[in-house]
Amino acid sequence: MATLLPATLASAAGITIHPNGIVHVGEIVTVTGVGFAPGDEVYIVECFGTACNQESAVPAKISSQGVLPPTHFRLTSVISVPDQCPPRGNLSCYLYASDATRGAKAMAPIQFKKIH
């Protein structure tokens, strides 16, 4: 099931994906972040455009310092085709992290290896 995202991200939170280069469908990446509310819980999802795959959501507990600890996430490409997200440096495909109240949000691009 996909959901729509807000048009803008008004948050000081940020996430990073490791490895941060070109990735493969099915690859497990590690997501880290800063700037979240201490002790909050966030959900990390894979998105394409304005649609996100809620079924891929991975919960993570934010530390008392507002840090998202290293969290593993398997890239599925369920709502996109890898060729739609080639290495272009844009945000057409990305991981999105949001707290339960939708107050803190962050995103980081995904660049899938072309399959052709």
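Below, the figures for the structure above:
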{"item": "Region 71-92, residues that are surrounded by fewer than 12 Cβ atoms within 10 Å (Cβ to Cβ) and modelled with pLDDT of 95 or more", "result": "His72"}
{"item": "Single residue of region 16-33 satisfying the filter (in contact with a Leu (Cβ under 7 Å, 6 or more places away or on another chain) and in a strand (DSSP E or B)) that is nearest to Ala108 (Cα to Cα)", "result": "Ile17"}
{"item": "First in region 67-78 and over 9 Å from Glu46 (Cα atoms), second anywhere and surrounded by 14 or more Cβ atoms within 10 Å (Cβ to Cβ) and basic (Lys, Arg), Cβ under 7 Å, 6 or more apart", "result": "none"}
{"item": "Single condition Gly66 does not satisfy, out of (1) surrounded by fewer than 15 Cβ atoms within 10 Å (Cβ to Cβ); (2) modelled with pLDDT of 85 or more; (3) on the phi > 0 side of the Ramachandran plot", "result": "(1)"}
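The values are calculated or read from the model by the stated rules, or taken from the named source; none is laboratory data. Computed from a predicted structure; not experimentally measured. Heads up, the Cβs are rebuilt from the backbone with ideal geometry, glycines too, and the neighbour counts pull from every protein chain shown.
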